[in-house]
Amino acid sequence: MKKRYILIFLISFVVFFVLMGGAYFLYKTKITETDFQKAITENPELKPEDPKDDTVVNALLMGVDEARSDIMILASYNKLNNKMTLVSIPRDTRVEIPGYGFDKINAASARKEGAALAMETVGHLFQLPIHYYVKIDFKGAERIIDILGGVKVNVPINMDYDDPAQDLHIHIKRGEQVLDGENAVKFVRFRSGYPDQDLGRIKAQQEFIKAFAAKLTSPSSIPKAFSLIDAMSKCIRTNMDQGDIAKYAMQVKDLKVDNIKLYTLPGKPGYAKGVAYYIHDQYELVNLMNQIKRDLEVEAASEPVSVASAEAGGTATDATTGSQGGSDTAEEAGFSPSDIKVQILNSSRKSGMASKLKQELEAKGYQVVKIGDTKDMVFNYTRMVDRCGNPDKVKLAAADLGIDIIDNDIDITCGYDITIIIGKDRINGGI
């Protein structure tokens, strides 16, 4: 859920970023990241291509919230017809980082070359030139909305949710109202209680995007432009210069939400050399890239991406979906929940969590052989520990239980195949 609300704000911030670009250059010195220029000087091969003669401009959008989650999105924009596509890239995607070898994609921006290396890595994955990057710190989200005077939305249901573990308390009444920054964030995070579940939540979030964009473009925002830009300058870093921003501001000001198509890099969780990754599906990626060409209406300008050309981008050939040299699926290996012995440890400090999960697992057929509490360690996020060294069993359980953090501590004498450590995120079902 967290990635979804980050994506919503990211899209909205991008709209804001270009709409306010006409005046933004006055604050240029506040947000230009000198580390990027330094990286380019020291590594000339990482210098982005000039998009001047290209119909489609590609940008890497990187969002970071106050917790540990981050997000990477490839944005492609057709300058001639005002159409855009956004491809969300899972942070654990296994890629080859130039000069460093295979790793998770979010490790690229953590290297000394920073955003420049992240751009090169994403370009290598998609076989596209990445012209720009925009890095956004979401701590400024509430401030931006407050400067706007809030956003008017129609809250479809009474929203009530409490999670002491995350210090998250949502209490918003049903009906049309103006939400301040704090409640706007809570509005898009809320997920429980919709009659049609995900469809209801997605519809509410889409309405928020439209309302947010409408508020930004309304005449009432004009007197606040410099305050908005000043606030954004504190939470954005980019390699776009003042001319780029002014130019795209004029072009994107008429961008319609219906002209933005959202996708996710195709793939699934898997393993490579004992490490859990998100393994992208190369053939499905080819299909996605060809779909993007159709969305942007540029298929006539160049040949569709082929499997051969895409494979030149460096597929993780030694990676397997859920196995380390074994069968591709747990089902093919002949495993079922009844073959998996589980230890459950509760680190959330809320009593009864281990017993509750034990009942759920046994109902699914798992053998729960031991439950207990961690003594001194408290985890914010639930995780699974591989104790048997059999990735097929781990994959089956992780997918079945919705756990995406997997550690290794092999001990074939312990009497169980996996250990599940319950984190605070499981309190009240998580959000």
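Selection over the stretch 152-174 of residues that are at pLDDT 90 or above and either closer than 19 Å to residue 214 by Cα or touching a Leu at 6+ places or on another chain (Cβ under 9 Å) (or both) gives a count of 5.
Take the conditions at pLDDT 85 or above, among the aliphatic types (A, V, I, L, M) and surrounded by 18 or more Cβ atoms within 10 Å (Cβ to Cβ) and apply them to residue 115. Does it pass?
Values: at pLDDT 85 or above: yes; among the aliphatic types (A, V, I, L, M): yes; surrounded by 18 or more Cβ atoms within 10 Å (Cβ to Cβ): yes.
Against the criterion (at pLDDT 85 or above, among the aliphatic types (A, V, I, L, M) and surrounded by 18 or more Cβ atoms within 10 Å (Cβ to Cβ)), residue 115 qualifies.
Taking each residue of the stretch 373-394 that is more than 18 Å from residue 341 (Cα to Cα) and looking for partners that are surrounded by 20 or more Cβ atoms within 10 Å (Cβ to Cβ) and of a type in the set (Ser, Thr, Tyr) with beta-carbon atoms closer than 7 Å, six or more apart or interchain, yields 374/347; 377/347; 378/347; 379/347. Can you tell me how many residues in the stretch 374-386 are surrounded by 15 or more Cβ atoms within 10 Å (Cβ to Cβ) and either in contact with a Gly (Cβ under 9 Å, 6 or more places away or on another chain) or farther than 28 Å from residue 275 by Cβ (or both)? Residues in the stretch 374-386 being surrounded by 15 or more Cβ atoms within 10 Å (Cβ to Cβ) and either in contact with a Gly (Cβ under 9 Å, 6 or more places away or on another chain) or farther than 28 Å from residue 275 by Cβ (or both): 5 in total.
Could you tell me which of the residues 403, 371 is under 23 Å from the mean Cα position of the chain (by Cα) and either among the basic types (Lys, Arg) or surrounded by 13 or more Cβ atoms within 10 Å (Cβ to Cβ) (or both)?
Values: 371 fails: under 23 Å from the mean Cα position of the chain (by Cα).
Exactly one of 403, 371 is under 23 Å from the mean Cα position of the chain (by Cα) and either among the basic types (Lys, Arg) or surrounded by 13 or more Cβ atoms within 10 Å (Cβ to Cβ) (or both), namely 403.
Within the stretch 35-56, residues that are on the phi < 0 side of the Ramachandran plot have Cβ atoms under 6 Å from residues that are of a type in the set (Lys, Arg) in these pairs: 40/47, counting only partners at least 6 apart in sequence or on another chain.
The values are calculated or read from the model by the stated rules, or taken from the named source; none is laboratory data. Bear in mind the structure is a predicted one, so any value in this text is a computation, not a measurement. Here Cβ is always computed from backbone atoms with ideal geometry, including for glycine, and neighbour counts include all displayed protein chains.
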